[in-house]
1. On the accessible surface of the chain, probed at 1.4 Å, how many percent belong to carbon and sulfur atoms?
2. Spelling out what I want: for every residue of the range 82-99, take phi, set θ = phi - 60°, compute 6.51 cos²θ - 1.76 cosθ + 1.60 (Karplus), and round to whole Hz; glycine and proline get x.
3. Taking θ = phi - 60°, what integer Hz values does the Karplus form 6.51 cos²θ - 1.76 cosθ + 1.60 yield along the range 8-15, in sequence order, with x for Gly and Pro?
4. Report the relative contact order of the range 21-73, percent, no decimals, based on alpha-carbon pairs under 8 angstrom and at least 6 residues apart.
5. State, as an integer percentage, the relative contact order of the chain based on alpha-carbon contacts under 8 Å between residues 6 or more apart.
6. Write down the accessible area per residue of the range 1-92 in Å², having rolled a 1.4 Å probe over the full set of protein chains.
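The values are calculated or read from the model by the stated rules, or taken from the named source; none is laboratory data. Fair warning: this is a prediction, and the values are worked out from it, not measured in the lab. Ligands, DNA and RNA are stripped out before the accessible areas are found, and what is left, the full protein with its side chains, is counted by its heavy atoms. Shrake-Rupley method; radii C 1.70, N 1.55, O 1.52, S 1.80 Å.
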Amino acid sequence: QVQLVESGGGLVQPGGSLRLSCAASGSIFSINAMAWYRQTPGKQRELVALITSGGNTNYTDSVKGRFTISRDNTKNTAYLQMNRLKPEDTAVYYCNAAIQPRFGLPMGAYWGQGTQVTVSS
């Protein structure tokens, strides 16, 4: 069974920084793309940043130049470094990963439980 566990959320003042982590554990044969999404009440979940297994990255326009996604394949972990945070970054942040649990099984999409990020003075 595959699990994604996020950590690192919290309350930060505008202009501050946070680093989110997402650790995948359990039965894992391979991990393809890993991504961070965020969601606020009444809105659809939006893609914030994505990183492929080869290290290529993509960001939504509102976070370009402020957020950096990275991954450590030896630890099955993805990170989201968030700098110069703004109140509009306040949301629940979710980790998502495309994981093949065992050889021969199809790739599946897995989600973490979410971590709250609040940017407020």
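1. Values: 3120 of 6500 Å².
The computed percentage sits at 48.
2. Per-residue couplings from phi come out as 10, 10, 6, 5, 10, x, 6, 7, 4, 4, 8, 9, 10, 8, 9, 8, 8, 10 Hz.
3. So the J values, rounded to whole Hz, are x, x, x, 9, 9, 7, x, x.
4. Working: 54 pairs, mean separation 13.3, N = 53.
Worked out over the range 21-73, it gives 25 percent.
5. Values: 306 pairs, mean separation 44.1, N = 121.
Computed value for the chain: 36 percent relative contact order.
6. Result: 54 Å² of accessible area for each residue.
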